[in-house]
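The values are calculated or read from the model by the stated rules, or taken from the named source; none is laboratory data. As the structure is a computational prediction, the values presented were derived from the model and not from experiment. Cβ placement follows ideal geometry from the backbone for every residue including glycine, while neighbour counts extend to all protein chains displayed. Each accessible area value is taken on the protein alone, full model and side chains, heavy atoms only, with ligands, DNA and RNA left out. Shrake-Rupley method; radii C 1.70, N 1.55, O 1.52, S 1.80 Å.
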Number of protein chains: 2
Amino acid sequence: MAGMPTPHVSPGLYEVFLAVARAGSFTAAARVLGYTQSAVSRQIQALEDETGAALFERLPRGVRLSEAGRVLLPHAEAVRDRLARARAELAALRTLDGGLLRLGAFSSAGAALVPRAQAVFRARHPGVVVTRVEGPSVKHLGLVAAGEEDLAVVSPAADRPAPEGVTLHHLLDEPMLVALDRGHPYAGRRDVRLAELADEEWIVGNERLEDTLFRAAPAAGPRPRTGLMAQDWIAKLGAVAAGLGVTLVPALAASSVRPDVALVTIHPDDVPYRGIFAATPPAPTVAATAFLGLLRETAQELTPATGR
Amino acid sequence: MAGMPTPHVSPGLYEVFLAVARAGSFTAAARVLGYTQSAVSRQIQALEDETGAALFERLPRGVRLSEAGRVLLPHAEAVRDRLARARAELAALRTLDGGLLRLGAFSSAGAALVPRAQAVFRARHPGVVVTRVEGPSVKHLGLVAAGEEDLAVVSPAADRPAPEGVTLHHLLDEPMLVALDRGHPYAGRRDVRLAELADEEWIVGNERLEDTLFRAAPAAGPRPRTGLMAQDWIAKLGAVAAGLGVTLVPALAASSVRPDVALVTIHPDDVPYRGIFAATPPAPTVAATAFLGLLRETAQELTPATGR
DNA sequence: TGCTAGACATTCGCTTGTCGCATGAGAGCG
DNA sequence: CGCTCTCATGCGACAAGCGAATGTCTAGCA
């Protein structure tokens, strides 16, 4: 309807317009803005040329808003306020007073490592909204690379190459534990060799945990009979507690294991420590960087405790 | 908190920002905007300098919004939309598709003259909001001068000077009528001299109407006995209909007089025609100018009928 | 491994816009 | 009748913004 092209409207113009509207005079507005009166005069004239209407009525003593000016006024105020909001939010982003931190983590990292860091982070930066998504490491690596996550705690497969657009920050190396029922002869042992467990009934799930383990110790390792399969932790550990077999538990999840199950470290010669990393884009967010620091602290606190 | 001064943020920048955000690449945005790629590159850099944060992540194939960019995006859209609204409303103002017309009128002009013009105006420009305030002419002249009314229909006192900042547009000259009860001997007359009414009982109100009349014909005029006073039209004409006396009616109000009252023109030698004007600021609004045209047409239609 | 294509960054020169200074024009006020 | 206050305008200087060309980096391909 209004065919005016109006290529670009500079917002400095709107500041001047608002100043004049409040001051009621070009000269007074110029004093407020630190401009000269001539600058204000021509700024207003430029705005009037753009809008195609007189914004002010020129009076012998100052100016007064015309009807077009009265129409424009609330819009100019809205634009000014919106720009101020934008600046405030961007500043809050820099100072971690606001913004969004999108986290990802594989499931056993969600047992203690991430929640602890998250609690400290929330206490320190309550203005930042934090979201967390659980899922397998590969998925998170892709999300970080796609820019849809700011930081993810992953345990990448050692044989697979690190993806593009992702920087890995080493957090800790996690030993593997074997979960046994309390009455098991190995329950009190410091550690155990895989060969010693060759005859046990292994309870496996659909996770890649067992694959990693048994691929790492190929020949010497036991071929589990996989007589029992369980999908989730509760069921697996329930079976162990009932004496139906043994299963693997990553050390990071040790703290959330039911007390009637004994955890014994696997001998380091049999299984390499699983590396736990934080994955970020090459240029992480301010919030992601801060969270990474907290993750490092938490990992250090957790490391001596991983043996339980 | 966010101490950044950020003297002025040009909105052309925001158009560029939005184009890049939608296109996903500087080059594509430049094609859309009709700019070169280098121009877009520096515009974005300028915006990033102002906001103090990277708005886009540079990828080998185009760019992607960073967190700061995601924060800025809705604000930039809001600003763009608001500026578009402002332009649309200002354009509507020019084409009389919108806006506000603030009218004023003295009471008897509100009987037929203004409402008729107003009806045509509303049919022709339904987008314009029209407000109308009744009141004495002096008050309206002041409001127009103060810029608080766009157009007022007034009957200024002939002896008082025209106020400053007000342009008067002549509409018509209104004769004075005398209201008599139907049985009065003069009821059928074409016109009547004031001297012939000297013995009548005059019903006066608080309006300046009678002052104007009797000041205009000082010596020859009758000194009314003012035995009856009534505040409003209904009461005055009711008294006339009951044969209690006679009263004055301005011709513009003739059409709204009850049918059992006879109206007789006063001889032009005894009373000057009362001038009816439209008062506007020196530079009237588009809507006011249009309304003035309609007032002129209505006045011309009304003039032959003022004698009833 | 080298080549090409596509994308952003940068340099250079010019046009355009914007500001300050000074002056002019117009209207109240003593 | 001049004084003073207002906005408008001509002029020169400076900075911003643009286009054209070039540089740099990466991905894909032979």
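What distance in nm lies between label points placed 7 Å from Cα along the C-beta direction at A:Val120 and B:Gln300?
If labels sit at A:Val120 and B:Gln300, their model points lie 8.8 nm apart.
Pull up the cross-link candidates among the lysines for A:Lys139, meaning alpha carbon to alpha carbon under 26 Å and not fewer than 8 places away within one chain.
A:Lys236
So what's the range B:39-110 giving for Cα Rg divided by 2.2 N^0.38 Å, two decimals?
On the way: Rg = 22.2 Å, N = 72, 2.2 N^0.38 = 11.2 Å.
The reported ratio for this selection is 1.99.
I'd like the Karplus ³J(HN,Hα) series for the range A:244-254: coefficients 6.51, -1.76, 1.60, θ = phi - 60°, whole numbers in Hz, and an x wherever there's a Gly or Pro.
Karplus-based 3J(HN,Hα) across the range A:244-254 equals 7, x, 10, 8, 9, 9, x, 4, 5, 8, 4 Hz.
Heads up, I need the accessible area for A:His169: 1.4 angstrom probe, whole protein in place, Å², nearest 10.
30
Mind listing the long-range amide H neighbours of A:Arg182? Cut-off is under 5 Å, sequence gap 5 or more, other chains count too, H placed in the peptide plane at 1.01 Å from N.
A:Ala262
Enumerate the calculated ³J(HN,Hα) couplings along the range B:175-192 in order (Karplus 6.51 cos²θ - 1.76 cosθ + 1.60, θ = phi - 60°), each rounded to whole Hz, writing x wherever the residue is Gly or Pro.
These are the phi-based 3J(HN,Hα) values: x, 9, 10, 9, 9, 10, 6, 4, x, 5, x, 8, 4, x, 5, 5, 8, 9 Hz.
Give me the 1.4 Å probe accessible area per residue for the range A:12-148, excluding ligands and nucleic acids, in Å². Write down the numbers at each step before the final one.
Values: 6290 Å² over 137 residues.
Result: 46 Å² of accessible area for each residue.
Can you sort A:Tyr14, B:Tyr273 by solvent-accessible area, 1.4 Å probe, largest first?
Largest to smallest exposure gives the sequence B:Tyr273, A:Tyr14.
Given an 8 Å cut-off on Cα distances and at least 6 residues of separation, report the relative contact order of the range B:1-157 as a percent. Working shown, then result.
Working: 170 pairs, mean separation 26.5, N = 157.
Once normalised by length, the contact order is 17 percent.
Let me check I've understood the local charge: for A:Ala119, count other residues with C-beta under 13 angstrom from its C-beta, Lys and Arg +1, Asp and Glu -1. What total comes out? Can you show the working numbers first?
Details: positive: A:Arg116, A:Arg122, A:Arg124, A:Arg132; negative: A:Glu297, A:Glu301.
Taking every Cβ under 13 Å from that of A:Ala119, the sum is +2.
May I ask you to list the trypsin sites (Lys or Arg not before Pro) in the range B:104-205 that are in a DSSP loop and have at most 16 other Cβ atoms within 10 Å of their Cβ? Display every interim value, and only then the final one.
Numbers: sites: B:Arg116, B:Arg122, B:Arg124, B:Arg132, B:Lys139, B:Arg182, B:Arg189, B:Arg190, B:Arg193; in loops: B:Arg182, B:Arg189, B:Arg190, B:Arg193.
Those satisfying the criteria are B:Arg182, B:Arg189, B:Arg190, B:Arg193.
Would you please name the GluC sites (Glu not before Pro) within the range A:91-189 that are DSSP coil residues with at most 13 other C-beta atoms within 10 Å of their C-beta? Provide the component values of the computation, followed by the final result.
Values: sites: A:Glu134, A:Glu148, A:Glu149, A:Glu164; in loops: A:Glu148, A:Glu149, A:Glu164.
Those satisfying the criteria are A:Glu148, A:Glu164.
Just counting partner chain Cβ atoms within 10 Å, what average do the residues of peptide B:64-73 show around their Cβ? Working shown, then result.
Details: counts 3, 1, 5, 12, 7, 1, 4, 8, 5, 1.
Mean shielding by partner chains, rounded to a whole number: 5.
Between the range A:21-52 and the range B:71-90, what's the alpha-carbon centroid distance in Å?
Their Cα centres are 22 Å away from one another.
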